[in-house]
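The values are calculated or read from the model by the stated rules, or taken from the named source; none is laboratory data. Since we're looking at a predicted model, the values are computed, not measured. Cβ sites come from the backbone with ideal geometry, for glycine too, and all protein chains shown count toward neighbours.
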Amino acid sequence: MEDILREINVLLVEDNVHDVFLVRSVFDDQGVHYTIQVLEDGKSAIDYVDRRGTVDSGPCPDLLLLDINLPKASGLEVLSHFRNQRECSSCRATDDRSRREIPSDLGKRTSS
């Protein structure tokens, strides 16, 4: 039971302020005890993980919430970097693939 009440350390890599607000709102509404660090681009997230294990770095996050379409480095690059960093390889991660873009021709009828 103690682990459930423990504060989780979240790293949110997201360049859309509305999505950041949404994540915070969901955590707050659900009563999640958390600290969150928000980074706005992939390069910042890669730099963040590269600092893990140094004296001033702090722990790796418990949860990585990751936008796939990020400026400066893609979310997949960031995820790969996290997985290759020994200190952060056990971090749980999720991405925004549920928000797949709809092809522009979806739903258009083709003439036969």
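One table, with the values for the structure above:
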read-out	value
In the range 6-29, the residues that are over 12 Å from the mean Cα position of the chain (by Cα), aliphatic (A, V, I, L, M) and farther than 18 Å from residue 74 by Cα	8, 22, 26
Entirely in the range 1-73, the strands (runs of 3 or more DSSP E) that have 1 or more residues that are among the polar types (S, T, N, Q) and at pLDDT below 90	8-13
Subset of the range 9-23 [surrounded by fewer than 19 Cβ atoms within 10 Å (Cβ to Cβ) and either in contact (Cβ under 8 Å) with a residue 12 or more places away in the chain or acidic (Asp, Glu) (or both)]	9, 15, 16, 19, 20, 23
Residue, surrounded by the fewest Cβ atoms within 10 Å (Cβ to Cβ), within the range 74-89, restricted to residues that are of a type in the set (D, E, K, R), modelled with pLDDT under 85 and more than 21 Å from residue 6 (Cα to Cα)	86
Hits in the range 24-55 (condition: closer than 23 Å to residue 80 by Cβ, of a type in the set (Asp, Glu) and surrounded by fewer than 17 Cβ atoms within 10 Å (Cβ to Cβ))	47, 50
